[in-house]
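Presented below is the structure to which this report refers.
The values are calculated or read from the model by the stated rules, or taken from the named source; none is laboratory data. Here the structure is a predicted model, which is why all the values come from computation and not from measurement. In this analysis, Cβ positions are derived from the backbone assuming ideal geometry, glycine residues included, and neighbour counts consider all displayed protein chains. Heads up: the accessible areas ignore ligands, DNA and RNA and are worked out on the full protein's heavy atoms, side chains in. Shrake-Rupley method; radii C 1.70, N 1.55, O 1.52, S 1.80 Å.
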Amino acid sequence: MHLAHTKLALNAGKHVVCEKPLAVNEAQARELVDLARAKGLFLMEAMWTRFFPAVRKVQEILKSGELGPPRCLQADFGFVGPTDKSHRLLDPAQAGGAMLDIGIYLVQAATMMFGTSEPDLMSCTGQITPEGVDSEGALSLTWKDKGSASLMFTLHAHTPENAVFTCERGNIRLYGPAHCPTRMTVSKVDGARGKFREEDIDFPLPKLPAGQEVNYPHSEGMLYEVQAAEQCLAEGMLECPDYRLDESLAVMRLMDSYRRQMGVVYPFEKSE
């Protein structure tokens, strides 16, 4: 749906903010990116995580170097998923599986920390359903002379959903739900090994209008993404500097690599 509907909108001359993932695989995503660029239209993958104030703060700290160079990322995301095999999360015909739904949040955290270059090493394991989609995954990625990321996601258990960005002289912990966080702790090495000075920071969510409710935790924070897209369009930008299209493509490449290692191929990909 994302590929077809985004192409329809772009071919009609419309700017597009497309729900994540931008497409099912890198080839599809690149088709959309190339089309948007050829037509001079705005295109953004709706990675709402990047626009939360807590995540912007993580990026600010990492970029400043105050904790030293980034070295390690540890992140998880999990909930007990559906059992109905026709549900989109379990249906291969609908590009089901844990990676494209929740694993993508962890992969983008890794590219946010270490950049969009291909990791030198990437090992994957997990659980595959009888229908052939991934219901659980674990990734270990290493960028030579930079650092490593350990990522775990599952549709079989509720996890804390924390993300810990460890640097040479301290770390930043995003508390769950880390894909839409409102709390973080910044820990700086304080002399002896294992001792840290800690600073807790809270970022309250926007207030909902009276009588309204959200469907998912912290969905009020989608306002941040909307405001960012509005600003990009008002300034005549063709992509968002907070989550560029080249990074969307890099994330797709990593997810493709994971699926290749896991043996997850969707029916419609076999004819592509």
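Listing for the model above:
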read-out: Subset tally (residues that are open to solvent by 60 Å² or more (accessible area, probe 1.4 Å), at pLDDT 95 or above and of a type in the set (D, E)) for the stretch 156-213; value: 5
read-out: Qualifying residue in the stretch 161-173 (condition: within 24 Å of G221 (Cα to Cα), part of a loop (DSSP other than H, G, I, E, B) and not polar (S, T, N, Q)); value: yes
read-out: Unmet requirement for A138, which otherwise passes all of (1) in contact (Cβ under 8 Å) with a residue 40 or more places away in the chain; (2) within 18 Å of V80 (Cβ to Cβ); value: (1)
read-out: Pair list, Cβ < 6 Å and 6+ apart or interchain, from the stretch 186-199 residues that are closer than 14 Å to G68 by Cα to residues that are surrounded by 10 or more Cβ atoms within 10 Å (Cβ to Cβ) and of a type in the set (D, E, K, R); value: V186/E199; S187/E198; K188/R197; V189/R169; D190/R197
read-out: Near pairs, Cβ below 8 angstrom, 6+ apart or cross-chain, from the stretch 53-71 (within 28 Å of Q227 (Cα to Cα)) to any residue that is in a strand (DSSP E or B) and not hydrophobic (A, V, I, L, M, F, W, C); value: A54/R183; L62/P70
read-out: Complete set of residues in the stretch 208-240 that are assigned to a loop (DSSP other than H, G, I, E, B) and over 22 Å from A178 (Cβ atoms); value: P209, A210, G211, Q212, E213, E235, G236, M237, L238, E239
read-out: Some residue of the stretch 128-143 being in a strand (DSSP E or B), on the phi < 0 side of the Ramachandran plot and open to solvent by 70 Å² or more (accessible area, probe 1.4 Å); value: yes
read-out: Residue check, R193 assigned to a loop (DSSP other than H, G, I, E, B) and either in contact with a Ser or Thr (Cβ under 8 Å, 6 or more places away or on another chain) or among the basic types (K, R) (or both); value: yes
read-out: Residues satisfying the stated conditions in the stretch 32-64, i.e. in contact with a helix residue (DSSP H, G or I) (Cβ under 7 Å, 6 or more places away or on another chain), outside any loop (DSSP other than H, G, I, E, B), over 23 Å from P217 (Cα atoms) and not aliphatic (A, V, I, L, M); value: K39
read-out: Candidate set from the stretch 65-107 (those that are assigned to a loop (DSSP other than H, G, I, E, B) and more than 19 Å from I128 (Cβ to Cβ)); member that is most open to solvent (accessible area, probe 1.4 Å); value: E66
read-out: Identity of the residue in the stretch 4-28, farther than 18 Å from G97 by Cα and of a type in the set (A, V, I, L, M), that ends up most open to solvent (accessible area, probe 1.4 Å); value: L8
